[in-house]
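Chemist: What follows is a single structure, and I will ask about it in a moment.
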Amino acid sequence: MTKTIAIVGRPNVGKSTLFNKICRQRRAIVADLPGITRDRIYSRAEWNGHRFEVVDTGGLVPREKELILQHILSQAREALEESDLILFLVNGREGLTVQDEEVADFIRPYSARTILVVNQLDPPVRLELTAPFFQLGAESLVALSAEHNAGLGELLDLVCQRLFGQEREADSTEEEEEESNEIRVAIVGRPNVGKSTLVNSLLGKNRVIVSPIAGTTRDAVDSVIRKGSGVYRLIDTAGIRRKGKTSGQIESLSVIMAQKSLRRADVALLLLDGLEGVTKLDAEIGGMALESGFSLFILGNKADLFPPQRKEELGEELDRRMKFAEFAPRLFLSARENLRADQLFSFIERASKARKTRISTSRLNNRFLPHVKEHLTQSGHLNLLPANFITQASVSPPTFVLFIKGKSMHFSLERFVQNQLRKQFGFYAAPIRLVVRKS
């Protein structure tokens with residue numbers, strides 16, 4: 001089992017900065033404002049041959065009763081329960097605060113596996129500034145500046161010593177193999193269409209915060225689940241708004257992080273509000289998915305509330321507004337009531353296999369290309385396809401190169417070839433890219 005460390009502390013002490021530094025990538029949003037992180041954010045990290053998982057949590061304000069803050073507290077409690085080691089972060093520049101003491105009381109049941117980390121001490125680190133924090137009762141204390149990487153190595157040495165003791169350096173082959181076999185699934189859509197509710201429904205637990213407030217999810221939140229023989233990484237993203245409609249730094253950063261997370265995905269679930277119908281923004285997000293090249297499913301949410309004929313009407317709206325994604329399977333479900341949501345895993349596994357399908361060059365040229373030309377001839381379009389060779393260049397997504405006589409080919413013929421490739425070879429839920437080159 002992978003060892004896990006959780007980073008906790010009051011708001012704005014640098015938890016997300018430390019998280020990103022340990023993981024060596026920008027997974028969590030960092031801004032000079034309190035309360036940015038809300039959900040638990042996971043990422044893999046490695047130090048001196050040891051691999052472990054790091055969890056970033058929202059800023060803890062134990063005595064506040066505001067709904068979002070209580071949700072953040074609940075998320076942090078889950079992280080504390082499942083972690084092997086806890087990094088309790090405080091701000092050395094500001095000194096010991098009442099909020100720090102409240103957080104210390106909150107995590108006291110876990111004090112035996114807690115390291116106190118005094119952050120934001122600009123190098124050279126002045127150890128005398130750490131003295132007031134000893135009264136918080138932690139057994140181990142490390143001073144550092146996460147932003148400047150000062151003291152980070154010493155912290156990670158201590159983390160590995162506490163997690164692995166005198167164990168030899170970990171053999172990460174098995175973990176790397178499992179990670180490479182993961183099917184990465186991004187849940188995308190407009191704000192407040194039920195993305196986080198769907199994630200919780202698929203996981204069977206409240207993994208991410210759900211509230212009626214649009215924009216509750218800010219970071220891209222990963223969750224790993226095993227279903228049958230498959231391992232799925234669900235990526236819950238912030239709601240994507242139209243350019244120019246984002247207000248404030250945090251919302252803009254959330255949208256950027258959501259778009260960045262799409263690049264990590266194999267499969268995208270585009271969630272629509274089935275009662276509101278298909279909007280222009282839904283189509284734009286679908287187009288973004290198509291450009292990113294991952295397999296796509298279109299999900300109409302709130303099916304438990306559909307009036308008669310609503311499925312048919314929604315299908316017609318999709319045909320009209322998202323004709324470019326007609327290859328994408330459609331499913332009408334209810335994330336809240338878990339109606340047909342569990343069926344998604346078998347569909348996702350099928351889509352993951354289909355996007356990796358490779359067709360031999362001989363099969364494409366000896367069977368497929370003659371079939372396409374014969375089809376065109378029978379329909380009275382002789383010599384409209386000036387192609388003489390086709391080959392598959394790559395998978396994920398399936399990409400083909402078509403060599404033609406001449407400089408260009410009409411886009412309708414390109415679409416016809418793509419449709420024939422799908423008809424002949426399947427490619428379930430995957431976009432097919434066709435590159436036309438002069439012979």
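Chemist: Can you tell me which residue is least open to solvent (accessible area, probe 1.4 Å) among those in the stretch 298-342 that are farther than 23 Å from residue 205 by Cα and in a strand (DSSP E or B)?
Modeler: Per the stated criteria, the residue is 298.
Chemist: Now a separate question. Scan 333, 369 and give me the residue that is in contact with a helix residue (DSSP H, G or I) (Cβ under 7 Å, 6 or more places away or on another chain) and at pLDDT below 95.
Modeler: 333
Chemist: Can you tell me how many residues in the stretch 115-157 are hydroxyl-bearing (Ser, Thr, Tyr) and either closer than 13 Å to residue 95 by Cα or assigned to a loop (DSSP other than H, G, I, E, B) (or both)? Break it down stepwise before answering.
Modeler: Within the stretch 115-157, the first condition is being hydroxyl-bearing (Ser, Thr, Tyr), and the residues that meet it are 130, 140, 145.
Narrowing further to those that are either closer than 13 Å to residue 95 by Cα or assigned to a loop (DSSP other than H, G, I, E, B) (or both): 130.
Within the stretch 115-157, residues that are hydroxyl-bearing (Ser, Thr, Tyr) and either closer than 13 Å to residue 95 by Cα or assigned to a loop (DSSP other than H, G, I, E, B) (or both) number 1.
Chemist: Here is a follow-up. Looking at the stretch 111-124 only, could you name the residues that are of a type outside the set (Asp, Glu), under 21 Å from residue 16 (Cα atoms) and surrounded by fewer than 19 Cβ atoms within 10 Å (Cβ to Cβ)? Even if it seems obvious, please write down each step before you answer.
Modeler: We begin by selecting, within the stretch 111-124, every residue of a type outside the set (Asp, Glu); these are 111-121, 123-124.
When the remaining residues are screened for being under 21 Å from residue 16 (Cα atoms), the result is 113-121, 123.
113, 123, listed by residue number.
Chemist: Considering only residues that are of a type in the set (Phe, Trp, Tyr) and at pLDDT 90 or above, which ones fall in the stretch 388-439?
Modeler: If the condition is that a residue be of a type in the set (Phe, Trp, Tyr) and at pLDDT 90 or above, then 389, 400, 403, 425, 427, 428 are the ones that fit.
For (1) of a type outside the set (D, E, K, R); (2) on the phi > 0 side of the Ramachandran plot; (3) not in a loop (DSSP other than H, G, I, E, B), each residue gets a yes or a no:
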position	(1), (2), (3)
349	no, no, yes
358	no, no, no
371	yes, no, yes
375	yes, no, yes
392	yes, no, yes
397	yes, no, no
401	yes, no, yes
418	yes, no, yes
427	yes, yes, no
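Chemist: Related question: Quick test of your reading of the structure: residue 80 fulfils all but one of (1) part of a helix (DSSP H, G or I); (2) at pLDDT 85 or above; (3) within 19 Å of the chain's Cα centre (by Cα). Name the failing condition by number.
Modeler: Only one criterion is unmet by residue 80, namely (3).
Okay, residues lined up against (1) acidic (Asp, Glu); (2) in contact with a Lys or Arg (Cβ under 9 Å, 6 or more places away or on another chain); (3) assigned to a helix (DSSP H, G or I); (4) at pLDDT 85 or above:
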| site | (1), (2), (3), (4) |
| --- | --- |
| 185 | no, yes, no, yes |
| 212 | no, no, no, no |
| 219 | yes, yes, no, no |
| 224 | no, yes, no, no |
| 241 | no, yes, no, no |
| 246 | no, no, no, no |
| 255 | no, yes, yes, no |
| 272 | no, yes, no, yes |
| 284 | yes, yes, yes, yes |
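Chemist: Moving on to the next point. Looking only at residues that are closer than 19 Å to residue 200 by Cβ and touching a helix residue (DSSP H, G or I) at 6+ places or on another chain (Cβ under 9 Å) in the stretch 57-98, which one is surrounded by the fewest Cβ atoms within 10 Å (Cβ to Cβ)?
Modeler: Across the stretch 57-98, the extreme among qualifying residues is 81.
Chemist: Let me ask you something else. For the structure I just gave you, tell me whether residue 434 is in contact with an Asp or Glu (Cβ under 8 Å, 6 or more places away or on another chain), within 16 Å of residue 295 (Cα to Cα), open to solvent by less than 40 Å² (accessible area, probe 1.4 Å) and of a type in the set (A, V, I, L, M, F, W, C).
Modeler: yes
Chemist: So is residue 362 within 26 Å of the chain's Cα centre (by Cα) and open to solvent by 30 Å² or more (accessible area, probe 1.4 Å) or not? Talk me through it step by step, then tell me what you get.
Modeler: Numbers: within 26 Å of the chain's Cα centre (by Cα): no; open to solvent by 30 Å² or more (accessible area, probe 1.4 Å): yes.
Considered against the rule, which asks whether it is within 26 Å of the chain's Cα centre (by Cα) and open to solvent by 30 Å² or more (accessible area, probe 1.4 Å), residue 362 comes out as no.
Chemist: Go through (1) modelled with pLDDT of 85 or more; (2) open to solvent by less than 10 Å² (accessible area, probe 1.4 Å); (3) among the charged types (D, E, K, R) for residue 39 and report which single condition fails.
Modeler: If we test residue 39 against (1) modelled with pLDDT of 85 or more; (2) open to solvent by less than 10 Å² (accessible area, probe 1.4 Å); (3) among the charged types (D, E, K, R), just (1) comes out false.
The values are calculated or read from the model by the stated rules, or taken from the named source; none is laboratory data. Every value quoted in this text rests on a predicted model; they were computed, and no experiment measured them. Because the Cβ atoms are built from the backbone with ideal geometry, glycine has one as well, and the counts that use them run over all protein chains shown. Side chains included, ligands, DNA and RNA excluded: accessible areas come from the protein's heavy atoms. Shrake-Rupley method; radii C 1.70, N 1.55, O 1.52, S 1.80 Å.
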